[in-house]
Number of protein chains: 4
Amino acid sequence: MPHTTDGDGGEPRRQRADARLNIDALVEAAKAVFAESGVDAPVRSIAERAGVGVGTLYRHFPLRSDLISAVFRREMDACVAAATDLEAAYPPGEALDRWVMRYTQFVATKRGLAGALHSGDPAYEPLAEYFSTRLAPTLERLLDAATESGEISQRVVAGEFLGAVANLCHDGGPTPSRSGGRAERMVRLLLAGLRSEDVG
Amino acid sequence: MPHTTDGDGGEPRRQRADARLNIDALVEAAKAVFAESGVDAPVRSIAERAGVGVGTLYRHFPLRSDLISAVFRREMDACVAAATDLEAAYPPGEALDRWVMRYTQFVATKRGLAGALHSGDPAYEPLAEYFSTRLAPTLERLLDAATESGEISQRVVAGEFLGAVANLCHDGGPTPSRSGGRAERMVRLLLAGLRSEDVG
Amino acid sequence: MPHTTDGDGGEPRRQRADARLNIDALVEAAKAVFAESGVDAPVRSIAERAGVGVGTLYRHFPLRSDLISAVFRREMDACVAAATDLEAAYPPGEALDRWVMRYTQFVATKRGLAGALHSGDPAYEPLAEYFSTRLAPTLERLLDAATESGEISQRVVAGEFLGAVANLCHDGGPTPSRSGGRAERMVRLLLAGLRSEDVG
Amino acid sequence: MPHTTDGDGGEPRRQRADARLNIDALVEAAKAVFAESGVDAPVRSIAERAGVGVGTLYRHFPLRSDLISAVFRREMDACVAAATDLEAAYPPGEALDRWVMRYTQFVATKRGLAGALHSGDPAYEPLAEYFSTRLAPTLERLLDAATESGEISQRVVAGEFLGAVANLCHDGGPTPSRSGGRAERMVRLLLAGLRSEDVG
DNA sequence: CATGAATGAGCTTTCATTCAT
DNA sequence: TATGAATGAAAGCTCATTCAT
């Protein structure tokens, strides 16, 4: 239900000069639809949910990946920012754990995110790029610190680890997290594995 | 067209033999196509590869999941069977590790398997069921033994763990495993996590 | 109204094992639609007119050019065949004239033919090819004969001449030939030009 | 915003000057775009090239034909004007030839002009009208003179002849005139035909 | 007057699924 | 029992055109 600033209760049909409102409505709709049906959901369904025509969607987000980026970017940024706080507040090992769980919570609500990341579809390149340039370096920093402080002994490639966590969040189905914390439990296992002396 | 009836020992029931041949061809074709294009590959491509009409495919496998099940059942059975050998040949902890890696190798070649398992699409229920009734108990047994022998300290729900491993194998894209062993590395981390004293 | 061989007056809805009937209906429909709206007419309109689904059209004619070819090929062949008769029955010059007028009549009813031929759209390549390999050599033979007999003095490239005639038939509009013989008159002028001693 | 009224001599009516500038830019842009992509080119591409909004385009040229007319009118006028000079400088027959070639050169650079002229689309009526009222009478005069002087023997309807020449210039495709002079050659043939004693 | 955001019809193409033969 | 032709519902994407600002 976009355009709430209409002021009167009449037909909320006509356009707002401020495309911003529509853009916001689209991003919001996309977020919801992605959560419900994954990132491959029909473009039309997003436009409908936002209460705009498909043309409008295409105007603002010519590529599907543009919309995906718009949906995820802000949350990713918040995730990245959170790392700094955690680093300041906790010892390296705990900061690492907490951040990974933070990241897990973010990614757990994004149905299809992992799929998109690994789809090979060039449309998702920008998203993968964002992962590599923003999230991966963040995790790397946390890993470095925890390694230096001797709290973890296994080294992993940051990008790989992020991908793994994203995969573990693949809950599938229209009722994500129905299995209550499955993903979290497995991620904790992964984190525990980092402390192990030798692997395989 | 002799012997429309089944069980006589003479001419060994032509009709059914033909059907069997078609079924085998379909399963074989599906296996190849699934590996190439994932379990969502067009039905037609499977029928074509098998050299039969789509109608024939539908006759034998009315649901897509029927075909998927048929494709994976045999390999799953082999996987289950392997557990017995490993249990006999290795101490519980090592048997567990080896079996999980065995399972990993199986699942790694099944593009879209994990996705299907968690898709929520009722069409894949039977497949999930097979997982629960065959693979999960097997892993559970191995976990129990390793717990009893004190080699692992973390308990996990077998089905959850299997799902997690399947998810970790999600390489996506047309170039599965291009990242060379990513999945295996993460699975080993998960296994290492099982040995950890406390998690999270 | 395809499927007239149904035999009874009932609902003529169900499919005929003989796709031939549908193919014929499609070609017939395409011919009509092309004549009315040109070769760029929506695929759907052709399918509708033929009384079949779009899928059926795509099955038989995956490329638009396939349909175009099907529509024009037979008539082109007939045109080519006519040349032999004319060569036998008339002196070279007259045979040439008569054949060109024959060709004119064929092409005059094909709205958009010339446009398609020169569109540069690779979809129409096969059609252009057919022109080059079937019609052009035919005209060339006629031109050669008329030149040898001294009846024409100007030489032209056969393909160019055919294209020119096709262009001249561009009557446009939903009422082709409303201008009653305009194209024919101009083609005759072109033929007369071939007799001229010097040009430009 | 001073001087909303027109005709005062002071500040030379800002509003209208701006509008004039936009109109000119639009006509110029349309000319370029038509030449590149034909007269069916997307409206938006023209507006963009002119650096104005589509709304502005629609304000000044509500119908596509309005824009087409505006684009061609000036050149048509120049073409018409050229006739006078040629009539003065050359004998009737030669004047005719030269003018037709002049017209050919004009029309050859207008991709889609012929198509538009004969499209039957009422949107192009005004353009056709301009042809009839300006160009056709010009050619008619030249034809009359050449007939009178005995240089040509065939009579043709001027409008028909103009249309034929336009059609012959239909090169179509993204590489107009790649065939180097095809159109000119055919037009000369047409002119030669006018000299012929009898046709068909 | 100018702008360009919004709309939505319309086109192509793909595929799951049915069913006449 | 097998076949594959037929169907038609999607889905993506592109403009022409309107109209709030």
Members of the stretch A:115-139 that are of a type outside the set (Gly, Ala, Ser) and at pLDDT below 75: A:Leu117, A:His118, A:Asp121, A:Pro122
Helices (runs of 4 or more DSSP H) lying entirely in the stretch A:16-66 (those with 3 or more residues that are open to solvent by 60 Å² or more (accessible area, probe 1.4 Å)): A:19-37, A:43-50
Complete set of residues in the stretch B:180-198 that are at the interface with chain A (Cβ under 7 Å from one of its Cβ atoms) and modelled with pLDDT under 90: B:Arg182, B:Ser196
Any hit, the stretch D:55-69, residues being away from DNA strand E (no atom under 15 Å from the Cβ), of a type in the set (Lys, Arg) and away from every other protein chain (no Cβ under 14 Å): yes
Residues of the stretch A:114-131 classified as more than 16 Å from DNA strand F (Cβ to nearest atom) and touching a Phe, Trp or Tyr at 6+ places or on another chain (Cβ under 7 Å), total: 1
Filter result for C:Val157 (farther than 30 Å from D:Ala123 by Cβ, modelled with pLDDT of 90 or more, β-branched (Val, Ile, Thr) and open to solvent by 30 Å² or more (accessible area, probe 1.4 Å)): yes
Count of residues meeting criterion [more than 18 Å from the chain's Cα centre (by Cα) and open to solvent by 50 Å² or more (accessible area, probe 1.4 Å)] in the stretch B:85-111: 7
Of all residues making up the stretch C:1-30, the number that are within 11 Å of DNA strand F (Cβ to nearest atom) and at pLDDT below 85: 11
Qualifying residue in the stretch D:103-113 (condition: among the hydroxyl-bearing types (Ser, Thr, Tyr), assigned by the TED database to the domain that holds D:Asp144 and at pLDDT below 85): yes
Total residues in the stretch A:131-154, condition open to solvent by less than 60 Å² (accessible area, probe 1.4 Å) and in contact (Cβ under 8 Å) with a residue 60 or more places away in the chain: 0
Only one of A:Val54, A:Val71, A:Val33 that is within 16 Å of DNA strand F (Cβ to nearest atom) and modelled with pLDDT of 95 or more: A:Val54
Sole residue being touching a residue at least 12 places away in the same chain (Cβ under 8 Å), farther than 27 Å from D:Ala183 by Cα and either within 16 Å of DNA strand F (Cβ to nearest atom) or in contact with a helix residue (DSSP H, G or I) (Cβ under 6 Å, 6 or more places away or on another chain) (or both), chosen from D:Phe106, D:Phe61: D:Phe61
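The values are calculated or read from the model by the stated rules, or taken from the named source; none is laboratory data. Since the model is a prediction, treat every value here as computed from it, not as a measurement. Reconstructed Cβ throughout: ideal geometry from the backbone, glycine too, with neighbour counts over all protein chains shown. Each accessible area value is taken on the protein alone, full model and side chains, heavy atoms only, with ligands, DNA and RNA left out. Shrake-Rupley method; radii C 1.70, N 1.55, O 1.52, S 1.80 Å.
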